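Peer 1: Take a look at the following structure, please.
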Amino acid sequence: FLPRHISSLIPILQSLEANNTQDIPSLVRALGGCGTPVCHTLLGDPPPTPLPIPEPWTLLSHLLHPNTTTPERGVVLAPDGSTVALAPLFAGIEVGLKRAMGWPGPTDQPYAALDALYAVTITEALGTSFLLARVNGTAALGPDGCWDDVDNPQNFTLLGPPSLVPSAVANGAMDGVLLGTRLAEEPIPLSILFQRYYGVGNGITSGWPHSSRRRRDFGALMAVGKLEEEVATMLRVLRGLSPTCELLEEVGEEEEADIARRAAQEFMEAYVECPAIVPRCMWGARPYRGTPRPLSPPLGSIYIHHTFVPSDPCRSFAACARDMRSMQRFHQDTRGWDDIGYSFVVGSDGYLYQGRGWHWVGAHTRGHNSKGYGVGYVGNFSSSLPDPDAIALVRDGLIPCAVRAGWLHQNYTLHGHRQMVNTSCPGDALFQEIRTWHGFK
């Protein structure tokens, strides 16, 4: 089977473009992409499927529908290690291309009040998901998931109960907004757009692909207040549609406004303000040896480390995943520990990597492992600093998010490893840097 990877999509797009396929995003809808009531109304009827079905259509259909019985269908793996849902991605692109051709947007009431770009990517899914969560008592956002093989991804499995907005949909929606916005200003072939944005075949080790900056870029485009307004408008539209009208029968105006506020706030906190953390199953972690000891959050401290070995920062998902496996082997096989020692590891690729995580006692700071989380930067930072973006991932992202989520005390203290143990870690340069951070003691 075709690997379910963004790189598999590029030649399909190139083939469609070579055959002068005029509207690839509407073709995606014809094959079962964005088919929700609002999406259908805003974007119109997709083109009929020709018979016999051309090969590029068949290949595209496989990526959209590897298994129609699973809630995680229609997702692909990006080179940066993130998983992207294709339906919201192509829906946002379709709106962008329509706008480039002068489309004024929906004119019929009540759709005229909607921003079509946000409606087809995130606000319909977000509004409906929070309404369902209200009724069923389930989570409205998440979870993330894992692929069976990152080199030849075929099967994607969610790490918890599904919602209408799992992490893959959130990623696809943000990408749809960003790429739709870009195409509205400058239409270019989608194959070229995807190569540039996802870093396919253009040497991503020399710099982050744009996709690994999606949270920052989406946040620059969409403030939480703007998203709240769009979700509130969407809820008013959903009140008049079947079957969502039933979900709103007992929802008054005040509660409707509260749902919009919570949906916007929780989405922005989870997918924009907080950094993405690559789960263990994505970097190829071995099982934990023995029985992990649970932590009792909120904890009081953060301990900053550098790995020293590997000595070079990792600048791609492939390199960081390889370094994670190497460190885990060293910690388990040479040092005899149960697992990789760190709670989290910081790559220079835009991502954090889950070590022992929030729940389990680590092996990072002797005598203090149950009192705080150990966060290690990949590289040797004795004489040079991590990239500014990598510094911000922890200082401005992980730590405040940990406080807000209840993993870390509000009055936490931050230390360098050398303050607790006789070591040069986290390196002179990085230690001088963290002395300027909030909470340093």
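The values are calculated or read from the model by the stated rules, or taken from the named source; none is laboratory data. Just so it is clear, the model here is predicted, and its values are computed rather than measured. Cβ sites come from the backbone with ideal geometry, for glycine too, and all protein chains shown count toward neighbours. Quick note on the areas: whole protein, heavy atoms, side chains included, nothing else; ligands and nucleic acids left out. Shrake-Rupley method; radii C 1.70, N 1.55, O 1.52, S 1.80 Å.
Peer 1: If I ask for residues that are outside any loop (DSSP other than H, G, I, E, B), within 21 Å of ASP175 (Cα to Cα) and open to solvent by 20 Å² or more (accessible area, probe 1.4 Å), which ones from the range 30-48 would you list?
Peer 2: ALA30, HIS40
Peer 1: Follow-up question, since we're still on this one. Which condition breaks for PHE90 when tested against (1) in a helix (DSSP H, G or I); (2) open to solvent by 10 Å² or more (accessible area, probe 1.4 Å); (3) among the aromatic types (Phe, Trp, Tyr)?
Peer 2: (2)
So that you can scan it fast, the table gives a plain yes or no per residue for (1) open to solvent by 10 Å² or more (accessible area, probe 1.4 Å); (2) assigned to a strand (DSSP E or B):
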site	(1), (2)
VAL76	no, yes
PRO79	yes, no
VAL84	no, yes
VAL95	no, no
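Peer 1: Suppose the filter is surrounded by fewer than 20 Cβ atoms within 10 Å (Cβ to Cβ), at pLDDT below 95 and either assigned by the TED database to the domain that holds PHE130 or not acidic (Asp, Glu) (or both); does GLU229 pass it?
Peer 2: In short, no.
Peer 1: So, one more: Looking at GLY362, is it in a loop (DSSP other than H, G, I, E, B) and without any contact (Cβ under 8 Å) to a residue 24 or more places away in the chain? Break it down into steps so the answer makes sense when it comes.
Peer 2: On the way: in a loop (DSSP other than H, G, I, E, B): yes; without any contact (Cβ under 8 Å) to a residue 24 or more places away in the chain: yes.
Yes; evaluated as a whole, the condition is true for this residue.
Peer 1: While we're looking at this one, here's another question. Looking at ASP396, is it open to solvent by 30 Å² or more (accessible area, probe 1.4 Å) and either closer than 13 Å to PRO313 by Cα or of a type in the set (Val, Ile, Thr) (or both)?
Peer 2: Criteria not met by ASP396.
Peer 1: Could you please find all residues in the range 374-398 being in a loop (DSSP other than H, G, I, E, B) and in contact with a strand residue (DSSP E or B) (Cβ under 9 Å, 6 or more places away or on another chain)? Break it down stepwise before answering.
Peer 2: First, the residues of the range 374-398 that are in a loop (DSSP other than H, G, I, E, B): 378-387.
Result: VAL378, GLY379, ASN380, PHE381, SER382, PRO386.
Peer 1: Which one is farthest from VAL200 (Cα to Cα), of the residues in the range 130-163 that are among the aliphatic types (A, V, I, L, M) and out of contact with any strand residue (DSSP E or B) (no Cβ under 9 Å at 6 or more places or on another chain)?
Peer 2: Here the answer is VAL135.
Peer 1: Hey, among LEU16, LEU51, which residue is hydrophobic (A, V, I, L, M, F, W, C) and assigned to a helix (DSSP H, G or I)?
Peer 2: Result: LEU16 is the single residue among LEU16, LEU51 that is hydrophobic (A, V, I, L, M, F, W, C) and assigned to a helix (DSSP H, G or I).
Peer 1: Does ARG4 satisfy the condition of being charged (D, E, K, R) and within 30 Å of TYR351 (Cα to Cα)? Even if it seems obvious, please write down each step before you answer.
Peer 2: Numbers: charged (D, E, K, R): yes; within 30 Å of TYR351 (Cα to Cα): yes.
Yes: the conditions hold for ARG4.
Peer 1: So, one more: Within the range 399-441, which residues are touching a strand residue (DSSP E or B) at 6+ places or on another chain (Cβ under 8 Å), hydroxyl-bearing (Ser, Thr, Tyr) and surrounded by fewer than 18 Cβ atoms within 10 Å (Cβ to Cβ)?
Peer 2: THR413, the sole residue that qualifies.
Peer 1: In this structure, does THR291 turn out to be more than 19 Å from ASP387 (Cβ to Cβ), outside the structural domain of PRO400 (by the TED database) and of a type in the set (Val, Ile, Thr)?
Peer 2: Numbers: more than 19 Å from ASP387 (Cβ to Cβ): yes; outside the structural domain of PRO400 (by the TED database): yes; of a type in the set (Val, Ile, Thr): yes.
For THR291, the condition - more than 19 Å from ASP387 (Cβ to Cβ), outside the structural domain of PRO400 (by the TED database) and of a type in the set (Val, Ile, Thr) - is met.
Peer 1: Of the residues ASP389, ASP428, which is under 28 Å from the mean Cα position of the chain (by Cα), of a type in the set (Asp, Glu) and over 25 Å from ARG293 (Cβ atoms)? Walk me through how you get there before you give the answer.
Peer 2: Working: ASP428 fails: under 28 Å from the mean Cα position of the chain (by Cα).
When all the criteria are applied, what remains is ASP389.
Peer 1: Residues to consider are VAL309, VAL251, VAL272; find the one that is assigned to a helix (DSSP H, G or I) and either touching a residue at least 24 places away in the same chain (Cβ under 8 Å) or under 23 Å from SER370 (Cα atoms) (or both).
Peer 2: The match here is VAL272.
Peer 1: Being in contact with a Phe, Trp or Tyr (Cβ under 9 Å, 6 or more places away or on another chain) and either among the acidic types (Asp, Glu) or modelled with pLDDT of 95 or more (or both), is that true of even one residue in the range 241-259?
Peer 2: Scanning the range 241-259, I find at least one residue that is in contact with a Phe, Trp or Tyr (Cβ under 9 Å, 6 or more places away or on another chain) and either among the acidic types (Asp, Glu) or modelled with pLDDT of 95 or more (or both), so the answer is yes.
Peer 1: A follow-up question, please. Which condition number does GLY102 fail, the rest of (1) touching a Pro at 6+ places or on another chain (Cβ under 9 Å); (2) at pLDDT 95 or above; (3) open to solvent by 10 Å² or more (accessible area, probe 1.4 Å); (4) not acidic (Asp, Glu) being met?
Peer 2: (1)
Peer 1: Next question. So in the range 124-166, with the set limited to residues that are open to solvent by less than 20 Å² (accessible area, probe 1.4 Å) and farther than 28 Å from ARG239 by Cβ, which one is farthest from the chain's Cα centre (by Cα)?
Peer 2: Residue satisfying both the conditions and the ranking: PRO153.
Peer 1: So, in the range 320-360, of the ones that are of a type in the set (Asp, Glu) and surrounded by 17 or more Cβ atoms within 10 Å (Cβ to Cβ), which residue ends up modelled with the lowest pLDDT? So that I can check it myself, show each step before the final result.
Peer 2: Looking only at the range 320-360, we keep the residues that are of a type in the set (Asp, Glu), and these are 323, 333, 338-339, 349.
Filter once more, so that each one left must be surrounded by 17 or more Cβ atoms within 10 Å (Cβ to Cβ): 323, 338-339, 349.
Numbers: ASP323: 98, ASP338: 97, ASP339: 98, ASP349: 94.
Here the answer is ASP349.
Peer 1: A further question on this structure: Going through the range 240-268 one residue at a time, which ones are within 13 Å of LEU131 (Cβ to Cβ) and open to solvent by less than 40 Å² (accessible area, probe 1.4 Å)?
Peer 2: Selection gives LEU241, THR244, LEU247, LEU248, VAL251, GLU256, ILE259, ALA260, ALA263.
Peer 1: If you scan the range 289-311, which residues turn out to be open to solvent by 50 Å² or more (accessible area, probe 1.4 Å), over 20 Å from GLY367 (Cβ atoms) and touching a helix residue (DSSP H, G or I) at 6+ places or on another chain (Cβ under 9 Å)?
Peer 2: Correct list: ARG289, VAL309.
Peer 1: Next question. Return a yes/no flag: does the range 46-62 have any residue that is free of Cβ contacts under 8 Å to residues at least 24 places away in the same chain, in contact with a Lys or Arg (Cβ under 9 Å, 6 or more places away or on another chain) and not basic (Lys, Arg).
Peer 2: Within the range 46-62 (the criterion being free of Cβ contacts under 8 Å to residues at least 24 places away in the same chain, in contact with a Lys or Arg (Cβ under 9 Å, 6 or more places away or on another chain) and not basic (Lys, Arg)), the answer is yes, since at least one residue qualifies.
Peer 1: Let me ask another. Of the numbered conditions (1) surrounded by fewer than 15 Cβ atoms within 10 Å (Cβ to Cβ); (2) under 19 Å from PRO243 (Cα atoms); (3) of a type in the set (Val, Ile, Thr), VAL120 satisfies every one except a single condition; which is it?
Peer 2: (1)
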